[in-house]
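Here the structure comes first, spelled out in structure tokens, and everything after it is commentary.
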Amino acid sequence: MEYEIIGNIKTLDSAEVLKQELEVLLNSLYSGKEEFESVLRTKVRSSFADFIRRKISQEDVRIDLFLKDFIKKLDSVPVVKLILAFEPSEETVNRIYSYIVSACKREVFLDLGYSPDIIGGAIIIYRGKYKDLSFKYVFEREFEEEKKKILEFMKI
Amino acid sequence: MQIDQSTVYLVILIFSILIIFILGLFMAYLKLLRNYLDTKEGKDRYIDPKELLLRAHAKSQRILEDATDKANKILSSSEVFKVKNLDSIQKQIEKLHFDNLKVYQDSVSKIQDVSLRMLQNVPEYIKTLITKEILIVKDDLFAEIKKANESAKDLVAQAYRKVDEEVAEYKKYRMEALENTIVSIVQQISRRVLNREINLVEHEKLVMKALEEAKRQNIFSDENNKNGEEAVKS
């Protein structure tokens with residue numbers, strides 16, 4: 001699995017960090033092998049550096065082409081934007097991610113936003129589609145429908 | 001023997017001139033003679049101025065005397081006339097005065113009678129006239145009062161209607177504002193309560209429910225991407 005590492009990236013922020021590391025490495029290739037090694041040691045996370053070293057060790061791999069393909073692959077992964085009413089824990093993010101991946105039947109990146117105004121639920125934006133499934137939407141709709149009852153109740 | 005005609009004319013001319021000359025001399029002689037005689041007679045007719053003065057004085061004296069006499073006569077006759085007629089004049093004046101007084105009194109009494117009659121008739125006439133006028137004015141006045149009353153009633157009714165409408169509109173506006181405020185307050189309170197009461201577990205459950213709903217609505221399917229805009233609207 002060439003890009004198995006992508007499966008470990010769940011959020012868009014993480015994908016952006018990885019993309020920056022790949023671009024730094026690609027640029028350093030043009031400055032010589034020493035510079036590339038230096039960048040690999042100093043500006044890339046160790047787990048990702050090990051992954052790159054394993055790739056270099058394989059004789060049939062051209063590292064520059066691999067890095068370019070990797071960047072292209074990252075860019076092609078669709079993003080699911082979720083606006084939540086709370087800041088989720090890592091475990092919650094994992095659960096959400098798993099559910100969305102199984103629903104989309106492909107790898108995706110989560111772009112998580114935080115807005116307490118929506119009260120609960122989520123607003124989902126995926127590939128140009130927007131769906132407000134927040135509690136705020138339901139809440140306001142219910143309030144509008146129940147406005148008269150509320151007012152009558154207030155009068156009592 | 002023939003005589004030249006021009007010679008005859010010349011002779012006639014000379015003869016005429018001679019006759020005129022002789023006549024002129026004769027006239028001059030006569031004039032000279034008259035002057036001489038006048039000069040001679042003038043010495044004999046001269047009158048002394050003193051005598052002329054005396055004559056004039058005497059003449060004026062006579063004129064004065066005559067005038068004085070005539071004046072005296074006139075004065076004496078006027079005195080007599082005065083004495084004779086003074087009484088009658090007095091009587092005449094008194095009579096005239098009496099007559100005038102009588103005429104005046106008669107006139108006054110007549111004027112009084114007429115005035116009294118007129119004054120007695122005036123109230124009746126005025127009364128009739130005024131009553132007639134008052135009746136006309138009264139009718140007009142009643143009509144005007146009625147009209148004004150109706151107009152005032154209409155105006156008041158219109159004003160009331162307008163005020164009622166404005167009050168109703170304002171009341172509606174205020175009620176809507178109040179209702180919105182109440183709903184907004186209730187909403188805010190409810191939201192705060194919900195935000196406080198929903199814990200992380202419940203939040204996660206709500207998110208998972210939302211994702212299930214999205215999945216059910218095919219939000220995550222690529223097939224639906226072609227109709228993305230429709231999905232967005234939903």
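The values are calculated or read from the model by the stated rules, or taken from the named source; none is laboratory data. Since the structure is predicted, the reported quantities are computational estimates derived from the model, not experimental observations. We place every Cβ from the backbone using ideal geometry, glycine too, and count neighbours over all the protein chains shown.
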Which number in (1) within 14 Å of chain B (Cβ to nearest Cβ); (2) free of Cβ contacts under 8 Å to residues at least 24 places away in the same chain; (3) surrounded by 13 or more Cβ atoms within 10 Å (Cβ to Cβ) marks the one condition that A:Ser76 misses?
(3)
For the stretch A:1-34, the count of residues that are over 23 Å from A:Tyr99 (Cβ atoms), of a type in the set (D, E, K, R) and either assigned to a helix (DSSP H, G or I) or at pLDDT 85 or above (or both) equals 5
Hey, any hits in the stretch B:154-174 for a residue that's within 14 Å of chain A (Cβ to nearest Cβ) and aliphatic (A, V, I, L, M)?
no
Collect the residues in the stretch A:121-145 that are exposed (fewer than 14 other Cβ atoms within 10 Å of the Cβ) and more than 9 Å from chain B (Cβ to nearest Cβ), keeping them in residue-number order.
A:Arg141, A:Glu142, A:Glu145
Condition check for B:Ile130: farther than 30 Å from A:Arg141 by Cα and either surrounded by 10 or more Cβ atoms within 10 Å (Cβ to Cβ) or more than 14 Å from chain A (Cβ to nearest Cβ) (or both)
yes
Anything in the stretch B:191-201 that is within 18 Å of A:Glu142 (Cβ to Cβ) and more than 7 Å from chain A (Cβ to nearest Cβ)? List them, or say none.
B:Arg192, B:Val193, B:Glu197
Take the stretch A:83-120 and flag every residue that is charged (D, E, K, R), part of a loop (DSSP other than H, G, I, E, B) and more than 10 Å from chain B (Cβ to nearest Cβ).
A:Glu107
Return the pair list, or none, for Cβ contacts closer than 9 Å from residues in the stretch B:58-71 that are touching a residue at least 12 places away in the same chain (Cβ under 8 Å) to residues that are assigned to a helix (DSSP H, G or I) and among the small types (Gly, Ala, Ser), at least 6 apart or on different chains.
none
Spot the failing condition for A:Ile123; the list is (1) in a strand (DSSP E or B); (2) in contact with a helix residue (DSSP H, G or I) (Cβ under 8 Å, 6 or more places away or on another chain); (3) closer than 16 Å to B:Lys215 by Cβ, and only one is missed.
(2)
